[in-house]
1. If Rh is defined by the Kirkwood formula over all Cα pairs and Rg also comes from Cα, what ratio Rg/Rh do you get for the chain?
2. Using DSSP to define loop residues, name the trypsin sites (Lys or Arg not before Pro) in region 3-92 whose beta-carbon has at most 14 other beta-carbon atoms within 10 Å.
3. Report the convex hull volume per residue for region 181-263, counting only C-alpha atoms, in Å³.
4. Just to confirm the number: angle between the C-alpha axis of helix 121-185 and the first principal axis of the chain, 0 to 90 degrees, nearest 10?
5. Calculate, for residue 81 and residue 101, the FRET efficiency according to 1/(1 + (r/R0)^6) with r their C-beta to C-beta distance and R0 22 Å; round to the nearest 0.05.
6. What's the angle, to the nearest 10 degrees (0 to 90), between helix 202-219's Cα axis and the longest principal axis of the chain?
7. Would you mind calculating the gained length between residue 221 and residue 166 on full extension (0.36 nm times residue separation, minus the Cα-Cα distance), in nm to one decimal?
8. Build a GNM of the chain with springs between Cα atoms under 10 Å: which of 212, 103, 232 gets the top mean-square fluctuation?
Amino acid sequence: MKSMTGFAGKEIAIVPFGKIFLEIRTTNHKYLETVFHLPVGFLSLEDKIKKEIEARIKRGRVVCVMNILGSPANSIFVDNRLLRNYISALKNIREGARIKEEIRLDTLIHLPGVLSLAEDRRSKTKIWPRLKTLLHKTLDDLVAMRQKEGQALYIYLKKSAQALQISLGIIKTKFKKLIKDKIAELKTPEERSSFLKDTDITEEIERLAFHIRNFKNKLSKAGPIGKELDFISQEMQREANTMGAKSCDAMVSSRVVQIKSQIEKIREQLQNIE
């Protein structure tokens, strides 16, 4: 079992780029979402990094941040064809509107697409093996943290499921005696049938017991189980709500309230599980 929350950071020096810092943070999310903050010129590596992350993380919001310290300046790319088109268009506007003002350089360089930082894809490809090693080490630390937190959640959820079983066992014993005593007081089959129809929670008890056993079994399952456990807990909550609505005994109702509260706490913690 793994938690969806975690953080890890590593660094490495790669000539001629300088010292590269890589940080990965994960938080809760229904699905897997990956967000990148990469330096200018490294966007061509985004797909490679994303594949490595998705091979290790199956659920959660992942934020990957890369920073470079001491890297050489990027080369500047001038789109001359686009620049000539801009100049021609501006001259036509100036002549058509009879504007005497000359076209200024600071105007031209701020036009979209005229200047940009060139990305040397070949050199980025060469550093990928070392960057991949850095990424793997960072992911190792991240996964280890998520597993450590996941183990703490596993212990909590297992104890909570056992507490549910104990409370449900008390309700089952109490309800059997309650039904027996109440049925003995009723004189006609119609009265007994009506009473059982409105208050019998035997089926709900058995279904909830099944869901609790299923929940405990799934806890030890390998791989992402958060969604599956959340679905089971929803079924547990549904049965508990029905039991509460049909209960005719104060002690049983009190125990059902405790069970519902415990299930709510379980569902809150399940939001942290991959």
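1. Result for the chain is an Rg/Rh of 1.32.
2. 30, 58
3. 90 Å³
4. Here the helix axis deviates by roughly 20 degrees.
5. Working from the Cβ atoms, E equals 0.35.
6. Compared with the principal axis, the helix lies near 40 degrees.
7. Between residue 221 and residue 166, full extension yields an extra 17.5 nm.
8. Checking each option, the largest mean-square fluctuation is seen for 103.
Only the coordinates and a few stated rules stand behind these numbers; no lab work does. This one's a predicted model, so the numbers in the text were calculated from it and none came from an experiment. Here Cβ is always computed from backbone atoms with ideal geometry, including for glycine, and neighbour counts include all displayed protein chains.
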